[in-house]
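**Student:** Questions regarding the structure given below will be posed in turn.
The values are calculated or read from the model by the stated rules, or taken from the named source; none is laboratory data. Computed from a predicted structure; not experimentally measured. For neighbour counting, all protein chains shown are included, and Cβ atoms are generated from backbone atoms with ideal geometry for every residue, glycine included.
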Amino acid sequence: MFADFDFKVILNALPYLFLDGMTFTLTLTALAAVGGVVLGTLIAMMRLSGIPGLPQVAKIYVNFMRSLPLVLVIFWFYFLVPYIGQWLTGAERPIQVGAFSSSLITFTLFEAAYFSEIMRAGIQSIPKGQAAAASALGLTYWQSMGNVILPQAFRNMLPVLLTQTIVLFQDTSLVYVLSITDFLGAASKVAQRDGRLVEMYLFAAVVYFTICFIASLLVRRLQRRVAIIR
Amino acid sequence: MNYNWNWGIFFDLSPEGTGTYADMLLSGLMWTIVTALCAWVIAFAIGSVVGVLRTLPSRAAQAVGNAYVELFRNVPLLVQMFLWFFVLPEVLPESWGTWLKQLPNAPFYTAVVCLGFFTASRVAEQVRAGIQALPRGQRMAGTALGLTTAQTYRYVLLPNAYRIILPPMTSEFLNNLKNTSVALTIGLLELTARARSMQEFSFQVFEAFTAATILYILINLVVVTVSGMLERRFAVPGR
Amino acid sequence: MTSSAMPPAAPAPNPASSLEVPPTGPVTAPLATPAATQAAPGTPMIAIDNVSKWYGDFQVLTNCTTATRKGEVVVVCGPSGSGKSTLIKCVNALEPFQKGQITVDGTQVANRKTNLPKLRSRVGMVFQHFELFPHLTITDNLSLAQRKVLGRGKDEAVAKGLALLERVGLKAHAHKFPGQLSGGQQQRVAIARALAMNPIVMLFDEPTSALDPEMVGEVLDVMVELAREGMTMMVVTHEMGFARKVANRVIFMDKGEIVEDAHKEDFFGSPRSERAQQFLSRILSH
């Protein structure tokens, strides 16, 4: 069983696992979360707008993304992004985009659908009177969104947004299917090379668990604090 | 866009010799559905028990329930998949491990068990939320009538809680269905895996993925429709 | 009445008249310093002309016509669901209406060319539920629109806000958040927030009906002072004491119609319609 569990394998792989793998994972998570929240907020605003057509477009986008498995979407964009790049730039042949850019685009567009549902709930949770008061003071739509509605919606939804970011952090492990060296990818490469699957996958599980568990504890504490202020 | 579209590709024979590319995708669809349904049975059973544990007055029961949910929620599904598939046979007593490794169709059983345990943690969350959303008087009324705790759950709390959580359970089922695609990493030949191999064999990337996309959307529509029917079927009159 | 031919608010015949100091102005600095208007005293500041509004098939306003002249205080009352709040919200286009015309200081509210934010910045509004912005301090609540809409500098906006806060007796609370104030205090801040924009007219939508009884007085006191300074006001309220004290006219609405539009003395003396009589007796009996 665990008699020949070799900690040295893990120890030796640590620099590679964290400097290469975890750096990639965390950077991808952070950038995709920011991009996803920004895009998701815009989609939520479209969905709640009164301009004919916009709510439908937003709804179709969100439902479309949410019906597909992330793995399929990762494959889609991996093959599609070069063609889109070619089309946008008018280049001769499909543009080669790096694994990182491709993953970032994928996760931003995919998570935006989920973040938009959160932001929609957040915007709807703000009493109608707030928008009326902002208009009555002469604020334009964008001013009232930027100064009155969104700051409150964002704050009410912060715990949910952060929880979704933890999900995103876990989801980034799926870039494994593109043989990218994220944290799990790095662990997997060491595992295959040294024939140490048990050590490496258990260690990866422990690391993911520790990070996600602590992060979700912090989110819960934040949630209680937000609840008290309100 | 200099991409050569060929929508007729679906009727070409696949190099696997088991029929056309269309057959290949449909077989993938079948495995996706079968895996999702089997995993859901496990998820529903374990999830209900764990969810109930978390609402019991006993501190120990709550702790067990919470530990389960935290454990399965805080490790990425893909890592869990690897643990079940690569690690479990190694850490079990040797004869068991060998038996596991020699199981025919191991990716399927692994995927079902892994997804079942994983989804159970999410079902447990919904069940707990559903029970806690019920008025507190319901539990007291059950107790006051002389029902045991088990009877109160069986006849009063759970029937109501399941009705409340039907909509979120539908999206959990859909998540479960989409998550079957993660099992392609351990060799399950489900829909996404088949679209991927069609792409590798035929180089018709976008046709393959478009077909898979349409199939996923269709299953989503079916599930949502069925769930709506269930909701009406089990709706409590006057509520 | 189908024609909507209401003469637009006349431009001030005598330019000096808009600089006129309100006759009953208090000795201390006034609460309100309205921006210059086109309207001379006595000309309609708010002209509501034959306005009708529907929610789907349901008609909420039917041919409402009335006017509020410069310096006038008009109280709008009526049973709940009578459309009085809807009518006042049409004045600054928070609610759209399908028929008729509303003109504020010569600007047509429903005209697509009207710059609504600009118009609204000149029309102060106080809401039933205060609607202070809970994520901003009192100071920021007072200065936000001054800076974003009027383009005032931060120092100027804060100074203006603090001055008004002092006038409503809440200067000590400037750094707090709305949730830390009582309802009455929040509503006084809301009035100060509206006044900070130098409005030419103030709309009040049931400003005291969400307040605990012991807090009604402090808000009404501020409103009375404002009225005495000569602010043009349209007030939806059930506070008949307030109406008796400072109103020039009282409008009674029922089922989306203006049933009675009379001078205060006439309204409280002998309301013509039976519905108004019933309403008054119910409201005044306790």
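**Student:** In the stretch B:110-141, what residues are over 18 Å from residue B:51 (Cβ atoms) and either crowded, with 19+ Cβ neighbours inside 10 Å or modelled with pLDDT of 95 or more (or both)?
**Tutor:** Those that are over 18 Å from residue B:51 (Cβ atoms) and either crowded, with 19+ Cβ neighbours inside 10 Å or modelled with pLDDT of 95 or more (or both): B:110, B:111, B:112, B:113, B:114.
**Student:** If you don't mind, another one. For residue C:87, which of the numbered conditions (1) outside any strand (DSSP E or B); (2) within 12 Å of chain A (Cβ to nearest Cβ); (3) surrounded by 19 or more Cβ atoms within 10 Å (Cβ to Cβ); (4) touching a residue at least 60 places away in the same chain (Cβ under 8 Å) fails to hold?
**Tutor:** Every condition holds for residue C:87 apart from (2).
**Student:** Out of the stretch C:261-281, which residues are crowded, with 16+ Cβ neighbours inside 10 Å, without any contact (Cβ under 8 Å) to a residue 24 or more places away in the chain and not in a helix (DSSP H, G or I)?
**Tutor:** C:262, C:271
**Student:** Would you point out the residue of the stretch A:40-71, among those that are away from chain B (no Cβ under 14 Å) and not in a helix (DSSP H, G or I), that is surrounded by the most Cβ atoms within 10 Å (Cβ to Cβ)?
**Tutor:** Per the stated criteria, the residue is A:49.
**Student:** Look through the stretch A:121-142, keep the residues that are under 22 Å from residue C:203 (Cβ atoms) and among the hydroxyl-bearing types (Ser, Thr, Tyr), and return whichever of them is farthest from the other protein chains (Cβ to nearest Cβ).
**Tutor:** A:141
**Student:** Return only the number of the condition from (1) of a type in the set (S, T, N, Q); (2) touching a Leu at 6+ places or on another chain (Cβ under 8 Å); (3) more than 14 Å from chain C (Cβ to nearest Cβ) that residue A:86 does not satisfy.
**Tutor:** The one condition residue A:86 does not meet is (2).
**Student:** Please state which one of A:203, A:213 is more than 9 Å from every other protein chain (Cβ to nearest Cβ) and aromatic (Phe, Trp, Tyr).
**Tutor:** A:203 is the lone residue from the list that is more than 9 Å from every other protein chain (Cβ to nearest Cβ) and aromatic (Phe, Trp, Tyr).
**Student:** Here is a follow-up. Which ranges mark the helices (runs of 4 or more DSSP H) fully within the stretch A:123-230 that have 1 or more residues being crowded, with 19+ Cβ neighbours inside 10 Å and in contact (Cβ under 8 Å) with a residue 60 or more places away in the chain? If you could, list the steps in order and put the result at the bottom.
**Tutor:** Numbers: elements: A:128-136, A:141-144, A:150-171, A:183-194, A:197-229.
So the answer is A:150-171, A:183-194, A:197-229.
**Student:** Just one of the numbered conditions (1) charged (D, E, K, R); (2) surrounded by fewer than 22 Cβ atoms within 10 Å (Cβ to Cβ); (3) more than 22 Å from residue B:25 (Cβ to Cβ) is not true of residue B:207; which one?
**Tutor:** (3)
**Student:** Another question about this same structure. Sort out which residues of the stretch C:172-186 are part of a helix (DSSP H, G or I) and either surrounded by 15 or more Cβ atoms within 10 Å (Cβ to Cβ) or among the acidic types (Asp, Glu) (or both), and write them in order of number.
**Tutor:** Residues satisfying the conditions are C:173, C:178, C:183, C:184, C:185, C:186.
**Student:** Only residues that are within 14 Å of another protein chain (Cβ to nearest Cβ), among the β-branched types (Val, Ile, Thr) and under 23 Å from the mean Cα position of the chain (by Cα): list them for the stretch B:85-116, please.
**Tutor:** Hits for the stretch B:85-116 are B:87, B:110.
**Student:** Just name the residue that is farthest from residue B:235 (Cα to Cα) out of those in the stretch B:184-193 that are out of contact with any Phe, Trp or Tyr (no Cβ under 8 Å at 6 or more places or on another chain) and touching a residue at least 60 places away in the same chain (Cβ under 8 Å).
**Tutor:** The selected residue is B:187.
**Student:** I need a count of the residues in the stretch B:189-213 that are more than 8 Å from every other protein chain (Cβ to nearest Cβ) and more than 21 Å from the chain's Cα centre (by Cα).
**Tutor:** The number of residues fulfilling the criteria is 11.
**Student:** A follow-up question, please. I'd like to know if the stretch B:157-167 contains one or more residues that are away from chain A (no Cβ under 11 Å), part of a helix (DSSP H, G or I), closer than 21 Å to residue A:63 by Cα and in contact (Cβ under 8 Å) with a residue 40 or more places away in the chain.
**Tutor:** Here is the first cut: in the stretch B:157-167, the residues away from chain A (no Cβ under 11 Å) are B:157-167.
Checking which are part of a helix (DSSP H, G or I) leaves us with B:157-164, B:166-167.
Narrowing further to those that are closer than 21 Å to residue A:63 by Cα: B:166-167.
From the residues that got through so far, the ones that are in contact (Cβ under 8 Å) with a residue 40 or more places away in the chain too are B:166-167.
Checked against the condition, which is being away from chain A (no Cβ under 11 Å), part of a helix (DSSP H, G or I), closer than 21 Å to residue A:63 by Cα and in contact (Cβ under 8 Å) with a residue 40 or more places away in the chain, the stretch B:157-167 yields at least one hit.
**Student:** While we're looking at this one, here's another question. Only one of these conditions is not met by residue A:74: (1) β-branched (Val, Ile, Thr); (2) in a helix (DSSP H, G or I); (3) away from every other protein chain (no Cβ under 14 Å). Which number is it?
**Tutor:** Result: residue A:74 fails condition (3) only.
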